[in-house]
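Undergrad: Here you go, one structure.
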Amino acid sequence: MSKLKVHYFQHIAGEGFGSCHAYLQAMGAHITATEFFALLQGFQLDIEAFPHVDDVDLLIIMGGEMSVNDEVNYPWLKTEKRWLRRYLSTQKPIIGLCLGGQLIASALGARVSRNAEQERGWARVYRSQEVPEHYFQLPDEITVMQWHSETFELPKGAVRLAENTVCHNQLYQIGRKILGFQFHPEMTAHSLAVLIENDEQTVFEGPHVQSIQQLKQSSKADFQPGQLLLKQAIDYVLRVD
């Protein structure tokens, strides 16, 4: 049996693959990456620099500090979304995490814009009502890491799977193989430290923003529900019906 070929898009230096890496390594997956953080601001990336879609069995798109709309400062975003449309047309498995979920939505023509309230820190999200039985199922509620000021509208054909009162669209599914998260189920202590270091000077304000000091006190148990959810999501999109 051939190895599962996993490719991930990384937008933040040092972030790595979060909790996905060890799980996919244990599955014997061959893992490759496109490292957008290494590109100079204003650099235009040719689409031929991306892997061929036939060489990817599962795509995971990580988070990032840029907006999907900032194609002036990050012109490679246009190429990333163009390649994403190619990959999405194959109907192969894809998971987007925060910026990743926004990128999938944007590539499919959905609007990504500033949310009414910023979210940063541990927060509850809730399973949406009337999710079809054959769709990915979440617990009734789960506490996960949030780190965003923008969010997505649902792309055409998407079903909302999770929500909260701060940000209505927290997770969506398209078909059987596409999941777009607004929150960060992949978060580990290391990746949280990278986010804190990367965004320590960024102004986050509002009632749904935890302090850096609070975040630094996060325990191992805080990360586990999201990590388990992501493992289940990977299993779900890889499942052969």
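Undergrad: Output yes when any residue across the stretch 16-31 is aliphatic (A, V, I, L, M), part of a strand (DSSP E or B) and farther than 22 Å from residue 193 by Cα, and no when none is.
TA: Yes, the conditions are met somewhere in the stretch 16-31.
Undergrad: Right, residue 87: aromatic (Phe, Trp, Tyr) and over 24 Å from residue 66 (Cα atoms) or not?
TA: Spelling it out, it is not the case that residue 87 is aromatic (Phe, Trp, Tyr) and over 24 Å from residue 66 (Cα atoms).
Undergrad: Here's a follow-up. Is one or more of the residues making up the stretch 93-115 of a type outside the set (S, T, N, Q), surrounded by fewer than 20 Cβ atoms within 10 Å (Cβ to Cβ) and in a strand (DSSP E or B)?
TA: For the stretch 93-115, residues of a type outside the set (S, T, N, Q), surrounded by fewer than 20 Cβ atoms within 10 Å (Cβ to Cβ) and in a strand (DSSP E or B): present.
Undergrad: For the stretch 28-41, give me each residue that is loosely packed, with under 15 Cβ neighbours inside 10 Å and over 16 Å from the mean Cα position of the chain (by Cα).
TA: 28, 30, 32, 38, 40, 41
Undergrad: Filter the stretch 48-75 for residues that are hydrophobic (A, V, I, L, M, F, W, C) and more than 21 Å from the chain's Cα centre (by Cα); which is nearest to residue 188 (Cα to Cα)?
TA: 49
Undergrad: Okay, next question. Counting only residues that are open to solvent by 40 Å² or more (accessible area, probe 1.4 Å) and of a type in the set (Gly, Ala, Ser), which one in the stretch 1-27 is farthest from residue 221 (Cα to Cα)?
TA: Filtering the stretch 1-27 for residues that are open to solvent by 40 Å² or more (accessible area, probe 1.4 Å) and of a type in the set (Gly, Ala, Ser), the one farthest from residue 221 (Cα to Cα) comes out as 2.
Undergrad: Which one is surrounded by the most Cβ atoms within 10 Å (Cβ to Cβ) among residues in the stretch 49-79 that are touching a Leu at 6+ places or on another chain (Cβ under 7 Å) and in a helix (DSSP H, G or I)?
TA: Looking at the filtered set, the residue picked out is 76.
Undergrad: Does residue 165 qualify as being of a type in the set (S, T, N, Q) and either within 30 Å of residue 240 (Cα to Cα) or free of Cβ contacts under 8 Å to residues at least 40 places away in the same chain (or both)?
TA: Yes: the conditions hold for residue 165.
The values are calculated or read from the model by the stated rules, or taken from the named source; none is laboratory data. Not measured: the values here are computed from a predicted model. When we count neighbours, we look across all protein chains shown, and the Cβ atoms used for this are built from the backbone with ideal geometry, even at glycine. Please note that ligands, DNA and RNA were not included when accessible areas were found on the heavy atoms of the full protein model with its side chains. Shrake-Rupley method; radii C 1.70, N 1.55, O 1.52, S 1.80 Å.
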